Amino acid sequence: MPTEADTCRTLITPKLQAAGWEDDPHSIAEQRTFTDGRIIVHGSTARRRAGKRADYILRYTRDFPIAVVEAKSQDEPAATGLQQAKDYAEILNFKFAYATNGKTIIEFDYITGLEREIPVFPRPDELWSRLRGSERLTDQTTASRLLTPVNLTTGKEPRYYQFIAINETVQSILQGKRRILLTMATGTGKTVVAFHICWKLWSSRWNRKNEPQRKPRILYLADRNFLVDDPKDKIFAPFGDARHKIEGGVAVFSRELYFATYQSIAKDERRPGLYKEFAPDFFDLIIVDECHRGSAKEDSNWREILEYFQPAYQLGMTATPLRDENRDTYLYFGNPIYTYSLRQGIDDGFLAPYRVHRIVTQWDAAGWRPSTEDLDRYGRRIPDEVYGTPDFERKVALLKRTETIAKHLTDFLKKTDRFAKTIVFCVDQEHASEMRTALNNLNADLVGHPRPSDGRGAGGEGGPFPDYVCRVTADEGDIGRGHMQRFQDVETRTPVILTTSQLLTTGLDAPTCRNVVLVRLVNSIVEFKQIIGRGTRVRDDYGKLWFNILDYTGTATRNFADSAFDGDPVFATQEEIDEYAKTKTVEIETPEPPEDEGGEINEPTGGTIIVDPPEPAERRKYYFDGGQVEIAAELVHELDADGKQLRVVKLTDYTAEKVRTLCASPDELRARWADAGQRADIIQQLAERGIDFQQVALQAGKPDADPFDLLCHLAFNAPVLTRRQRADRMKNEQAAFFSYFGSEAREILNDLLEKYATDGELQFTLPDVLKVPPISKHGNVAEIATLFGGFEQLGTAVNQLQSLLYAA
């Protein structure tokens, strides 16, 4: 019977070749995996599911895939593959999907909505012509610009969703769309997308005025210096001398790719605005990174800059879907032309899943109230009221609470990994400083000099590591930036812990960050998603596949419970967008930053550091250093294996629920478990749901239980046998089975049974199990098979052994 692979080789591939899909510049990508596979976490380990894989992806050019083909064996109806083809086409943003068994070809055309059987595959030029017609790309020069290659000099090809974002944006610009928005979750490579968009437009010599041979002038805007400097110096390096950063109050007109912070070109009390030295039509394209942070508000002079350059095409890039707090961004740029969400990124395996630890101190649980004689460290009487989590470090700073949280975090790192990169988000700079001090002192064995006795630090970790804990806020200036850069470097061991307040909420690409710690309330889902993004990067080569969120304030559990956190996309209505477009900018001076949050902002003169507002002369909160407080409770939540909801980690209940979805009764489970193939299927399905038998047995307090008995016990309240009990029972009840074989063959079967009883072997996989002691002492695989009369008889005997082991 021909397999699917046979059908592809002998029928489908030749037909695609006959249609011209291997004639340059067209190409066929066969058996192309386009996602990494969702990461499933169980216990302290993680594994990946298989990635999504298309049988064929048809590319009109190297960087412009256009259709997907799902193959079936020639003995199956072609129609059985159509839904899979359509699913992949929708993920990959293709307009054409095909299913075939090599004899019949079915086409689904998303342009016309028609499904039809066709005699041969369409030629590349036919599909390109149909696509161009539907997208109104009738001009040949315009269409050829869309096909301009991306830059692959780094050796790294964009992921499928990045290609979609790149090509959709370039197409929208070529179609004349003036304001464009891309929404892509933190960690999915917005800067990479921006680079390739610029490269395609720049190398194809597109410009707004269609002036022949002139390359476009592009302005890349952000609100923090490191969000400008890092892209300019790294990802955009292939542009060479075409790059220029606008700073120091000097306007340069001879470059093509400009980088600037809003603050460096905005007006302030000293200057009318450096941006006005450029003509309104100077730039062809403006890219606004992290555009959700106020740049489009009507009363913002950032909005004034964008409206001054109104002739330019403007691309906004954000990680945050539409919410009330960033609605201005969506009204200004319009609804996103493409969205790639946190949920999609985790499901595809490009972003790391998370485990949430909700930790509550006694004072956060019940509140804190000063006694009548309590004075703060400056001798002031603290107003008599009950203070809660929202008040801590805002109205009253409680040193013992900070130290207790630092102690809990330190103990957590000691139990997991003391060198796991960790970011601690505090209420303000002062709080970040006290947290740094507490963490430093609790880890003095690593920070200080090694003990003379062994030449190494305590715990054998080496050292000293004087920068084990660092504060990174605006006050540190270039020193703080150095800490941040070393933290980002995957090859640099320290700093391990950074304490901060606002500065690191966005833009910090720290791929090995394993712990995100919340010691301040975050009431904005937009900001919360930015903070969570510090941990979502994946680095397989460094074992970073998931991360922890340690939540000491209730922020995470509250925001994750909000249906708006990562639900379906919400869009602004066209009426809202049209009404917003009529508004005019109100010219105002740069607003003074708030004094009660300690928030960090860029220095408006375009300097190289980010600064915080000065502390007011009068102290704005009370400082109480006394009392005693302990951790009152800790719960652990994690995403379920389907990525749909956070659940409290009680693995036994979760396992029971999943077993009941697979088998309705213990008899059904027993019957399926007794069959080797069905048993393997159950084990695989449970593993894909994050269920590890060893972890379940330990949590259930039954480490020696037989896996089948454990599942029956949890799901159906059946009694539990240990593996030893089950093995002994079989020996006593199935003597006739053993008597059928010769003495040495019986000894091998008994050795297999003993291996099951002692090691908990779930599956006796042939021939691997024959190659390890004690079975291997009986000879090589061929010699052992001879004892049973051949390989087939050996396989039958082993399968029967396992079936009888679970006989009723």
| Given the structure, is SER172 touching a residue at least 60 places away in the same chain (Cβ under 8 Å), in a helix (DSSP H, G or I), open to solvent by less than 40 Å² (accessible area, probe 1.4 Å) and among the small types (Gly, Ala, Ser)? | yes
| Within the group ARG724, ARG746, which residue is free of Cβ contacts under 8 Å to residues at least 12 places away in the same chain, among the basic types (Lys, Arg) and under 30 Å from GLN793 (Cα atoms)? | ARG746
| query | Is it the case that the stretch 175-192 has a residue that's among the polar types (S, T, N, Q), assigned to a strand (DSSP E or B) and either under 23 Å from the mean Cα position of the chain (by Cα) or at pLDDT below 95 (or both)? | reply | yes
| note | Residues of the stretch 158-169 being assigned to a helix (DSSP H, G or I) and not β-branched (Val, Ile, Thr), in sequence order, are TYR160, TYR161, GLN162, PHE163, ALA165, ASN167, GLU168
| message | It is to be established whether one or more residues within the stretch 244-254 are surrounded by fewer than 17 Cβ atoms within 10 Å (Cβ to Cβ) and of a type in the set (D, E, K, R). | response | no
| query | Residues of the stretch 33-50 being part of a strand (DSSP E or B) and either open to solvent by 20 Å² or more (accessible area, probe 1.4 Å) or of a type in the set (Ser, Thr, Tyr) (or both), which ones? | reply | THR33, VAL41, HIS42, THR45, ALA46, ARG47, ARG48
| Only one of ALA664, ALA680, ALA656 is modelled with pLDDT of 85 or more, part of a loop (DSSP other than H, G, I, E, B) and of a type in the set (Gly, Ala, Ser); which? | ALA664
| Which residues, taken from the stretch 267-285, are touching a helix residue (DSSP H, G or I) at 6+ places or on another chain (Cβ under 8 Å), open to solvent by 10 Å² or more (accessible area, probe 1.4 Å) and part of a loop (DSSP other than H, G, I, E, B)? | LYS267, PRO280
| What is the one condition in (1) more than 34 Å from the chain's Cα centre (by Cα); (2) surrounded by 17 or more Cβ atoms within 10 Å (Cβ to Cβ); (3) within 27 Å of LEU146 (Cα to Cα); (4) not acidic (Asp, Glu) that LEU114 does not satisfy? | (2)
| Qualifying positions in the stretch 742-775 - farther than 23 Å from LYS702 by Cβ, out of contact with any Phe, Trp or Tyr (no Cβ under 8 Å at 6 or more places or on another chain), part of a helix (DSSP H, G or I) and open to solvent by 40 Å² or more (accessible area, probe 1.4 Å) | SER743, GLU744, GLU747, ASP768, LYS771
| field | Flag for GLY457 being open to solvent by less than 40 Å² (accessible area, probe 1.4 Å), more than 21 Å from LEU409 (Cβ to Cβ) and modelled with pLDDT under 80 | value | no
| request: Give the stretch 770-794 a look and list any residue that's more than 15 Å from LEU749 (Cβ to Cβ) and aliphatic (A, V, I, L, M), or say none. | output: VAL772, VAL781, ALA782
| Those residues of the stretch 60-74 which are in a strand (DSSP E or B), under 14 Å from TYR98 (Cβ atoms) and not hydrophobic (A, V, I, L, M, F, W, C), in sequence order | PRO65, GLU70
| query | Going by the structure shown, is LYS777 of a type in the set (Lys, Arg) and over 47 Å from the mean Cα position of the chain (by Cα)? | reply | yes
| When you go through ALA727, ALA718, ALA782, ALA807 one by one, which is the residue that is more than 17 Å from ARG672 (Cα to Cα), outside any strand (DSSP E or B), small (Gly, Ala, Ser) and touching an Asp or Glu at 6+ places or on another chain (Cβ under 9 Å)? | ALA727
| request: Find the residue count for the stretch 509-552, including only residues that are farther than 21 Å from THR404 by Cβ and β-branched (Val, Ile, Thr). | output: 7
| field | All positions within the stretch 388-433 that are part of a helix (DSSP H, G or I) and either at positive phi or touching a Cys at 6+ places or on another chain (Cβ under 8 Å) (or both) | value | ALA432
| remark: Those residues of the stretch 175-188 that are surrounded by fewer than 21 Cβ atoms within 10 Å (Cβ to Cβ) and touching a helix residue (DSSP H, G or I) at 6+ places or on another chain (Cβ under 8 Å) come to a total of 2
| field | Test: residue in the stretch 79-89 that is in contact with a Ser or Thr (Cβ under 7 Å, 6 or more places away or on another chain), more than 13 Å from ALA29 (Cβ to Cβ) and modelled with pLDDT of 95 or more | value | no
| query | Scanning for something in contact (Cβ under 8 Å) with a residue 40 or more places away in the chain, over 29 Å from GLN175 (Cβ atoms) and either open to solvent by 20 Å² or more (accessible area, probe 1.4 Å) or touching a strand residue (DSSP E or B) at 6+ places or on another chain (Cβ under 8 Å) (or both), does the stretch 296-316 turn up at least one residue? | reply | yes
| query | List, please: which pairs have Cβ atoms under 6 Å, are six or more places apart or on different chains, and start with a residue in the stretch 622-636 that is farther than 23 Å from ASP374 by Cα and end with one that is small (Gly, Ala, Ser)? | reply | ALA632/ALA365
| request: Return yes when LEU787 is within 17 Å of PHE738 (Cα to Cα), surrounded by 13 or more Cβ atoms within 10 Å (Cβ to Cβ), touching a His at 6+ places or on another chain (Cβ under 8 Å) and in contact (Cβ under 8 Å) with a residue 40 or more places away in the chain and no when it is not. | output: yes
| query | Just one of the numbered conditions (1) in contact with a Phe, Trp or Tyr (Cβ under 9 Å, 6 or more places away or on another chain); (2) exposed (fewer than 15 other Cβ atoms within 10 Å of the Cβ) is not true of PRO390; which one? | reply | (1)
| task | Give GLY690, GLY701 a once-over and let me know the one that is in contact with a strand residue (DSSP E or B) (Cβ under 6 Å, 6 or more places away or on another chain) and at positive phi. | result | GLY690
| Considering residues of the stretch 1-32 that are exposed (fewer than 13 other Cβ atoms within 10 Å of the Cβ) and hydroxyl-bearing (Ser, Thr, Tyr) only, the residue modelled with the lowest pLDDT | THR3
| field | Output for the stretch 222-255, where each listed residue is of a type in the set (A, V, I, L, M), within 25 Å of the chain's Cα centre (by Cα) and outside any loop (DSSP other than H, G, I, E, B) | value | ALA222, LEU227, VAL228
| query | Which of the residues spanning the stretch 513-531 are among the basic types (Lys, Arg) and open to solvent by less than 20 Å² (accessible area, probe 1.4 Å)? | reply | ARG520
| query | Give me the pairs: first residue in the stretch 91-115 and farther than 21 Å from ASP75 by Cα and assigned to a strand (DSSP E or B), second residue open to solvent by 50 Å² or more (accessible area, probe 1.4 Å) and not charged (D, E, K, R), beta-carbon distance under 9 Å, and six or more apart or on different chains, which are they? | reply | PHE96/TYR110; PHE96/ILE111; PHE108/LEU114
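The values are calculated or read from the model by the stated rules, or taken from the named source; none is laboratory data. From a predicted model like this one, the values you see are computed outputs, not experimental measurements. Every residue, glycine among them, receives a Cβ derived from its backbone with ideal geometry; neighbour counts consider all protein chains shown. To get the accessible areas, we keep the full protein, side chains included, count just its heavy atoms, and leave off ligands, DNA and RNA. Shrake-Rupley method; radii C 1.70, N 1.55, O 1.52, S 1.80 Å.
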